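Heads up, the thing below is written out as structure tokens.
Bear in mind that the values in this text are calculations on the coordinates, not laboratory data. Remember, predicted model here, so these are calculated numbers, not experimental data. Note that each Cβ is placed from the backbone with ideal geometry, even for glycine, and that neighbours are counted across all protein chains shown.
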Amino acid sequence: MSIPANDAFTLGPRLGLPSSSSKIPFVSGSPKARSPSASTRSSKPSRQMSVELNDSLASRASPSNGTANGHTSPLRQRKRPRSTSPTAAIASSAPSDSSRSAKTGKTAKQKIDWEIPRKTLHSSIGFLTLYLYASDGDPRNVVLVLSLALAIIVPADILRLRSTRFERIYERCLGFLMRESEKKSTNGVIWYIIGVIFVLAVYPLDIATVAILILSWADTAASTVGRMFGAYTPPLPRKLPLLRLPLAPRKSLAGFLAGAATGAAIAVGFWGWFAPDARAAQLAFYLPAGTLNTALAALPAQLAEIGTKAVDAVQATGVPVGRWLGLGTLGAVCGLISGTAEALDLGSLDDNLTLPIISGGCIWGFFKVLEWFTGSG
């Protein structure tokens, strides 16, 4: 079967080959020999003529309306310039920046690791701590048990970092509780245990319990909420205003607020309901006797007389400002301490170590200030 002249003429442009129209003009459907006038013609009209022939052949193969299967008519196609270069074809098939960024954002969103097994173990320590406190457990026994556990975990961690074979066995058993950054460095469980041992051995039992609860629950809340809503809130500043403490810029305002709110709830719940007698004398916020008499002396005579009658009806030991005011102040202070301690950037120090020590020490210092202010102790 012989190829028609039209098809032979348009074979080059269809396959992306050099067109012969620049050399042989096409007139009345048959090629002619080159003439002097044809050699002086521009190649541009012949290229347009080949495009028109391609469109006419395509219109024969397509339906008459030219819009079937989502394709436009040849007349509309003729209005748009065609590019047969491989570079243009690759550029047209490549995804745009917006679609590429959308795919990247979707992939990054799917890659969020919620660390459910790790966070579950992390939070369960708080419930165990409350049980030990309620059952009058001896903190020295807890310190002894944790020290024995540390004597096993530390050598195993050193061996894991030195032996590839033992590392595979270790990560096969406990790798689901580890972060990727911990697989080439010290396990965070070691710093967790050291922090718990420190607060139980140094701080009063109720303050040590609250410090462990902050480590167990406030740190988990800050991490979870930060991963969930951190992209919608600004990052933390380099330094905390007024105090000029260094903060980690990788942490978000959402995580900071979650840690602060959880720390405030822990302090108010523990000293308000779970162990109200532990700090009842300090949280009652009694003013020293004679404080109001000194303040009334500076008032005019008429107001001082009215105030004096009210003061006479009050016990000489002091004036209770209110338990709720004390708990509210305690919650605000402990929340700020918890959120700040969790967001601090202390270099290579692990927050499992620094969070209970810093938060417990600051809360203990707050109660020392209350003892001095109220005269209780």
So, with points 7 Å from each Cα along the Cβ direction, the F274-F229 label distance in nm works out to 2.4
Inverse of mean 1/r across different Cα pairs in segment 116-195, Kirkwood, Å: 14.0
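Kindly put I116, I197 in sequence by how many other C-beta atoms sit within 10 Å of each C-beta, fewest to most.
Details: I116 10, I197 19.
The most exposed by this proxy come first: I116, I197.
I'd like the FRET efficiency for D138 and L336, computed as 1/(1 + (r/R0)^6) with the beta carbon distance as r and R0 of 30 Å, rounded to 0.05.
Numbers: r = 32 Å, r/R0 = 1.07.
The computed FRET efficiency comes out at 0.40.
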From the cross-link list K119/K239; K111/K184; K251/K368; K119/K368; K111/K239, the entries with a Cα-Cα span beyond 24 Å are K119/K239; K251/K368; K119/K368; K111/K239
Of the listed peptides 249-258, 174-183, what is their order by residue-averaged count of other C-beta atoms within 10 Å, with the highest listed first? 249-258, 174-183
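What FRET efficiency do you get for S163 and S124 if R0 is 41 Å and r is their Cβ-Cβ distance, rounded to the nearest 0.05?
Numbers: r = 30 Å, r/R0 = 0.74.
Result of the calculation: an efficiency of 0.85.
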Interchain or sequence-distant (5+) residues whose placed amide H lies within less than 5 Å of the amide H of L247 are K239, L240, D345
Starting at the first residue of segment 264-270, write each ³J(HN,Hα) from the Karplus equation 6.51 cos²θ - 1.76 cosθ + 1.60 with θ = phi - 60°, in whole Hz, x for Gly and Pro. 5, 5, 5, 5, 5, x, 6
Neighbouring Cβ atoms within 10 Å as the yardstick, rank D345, D206 fewest first. D345, D206
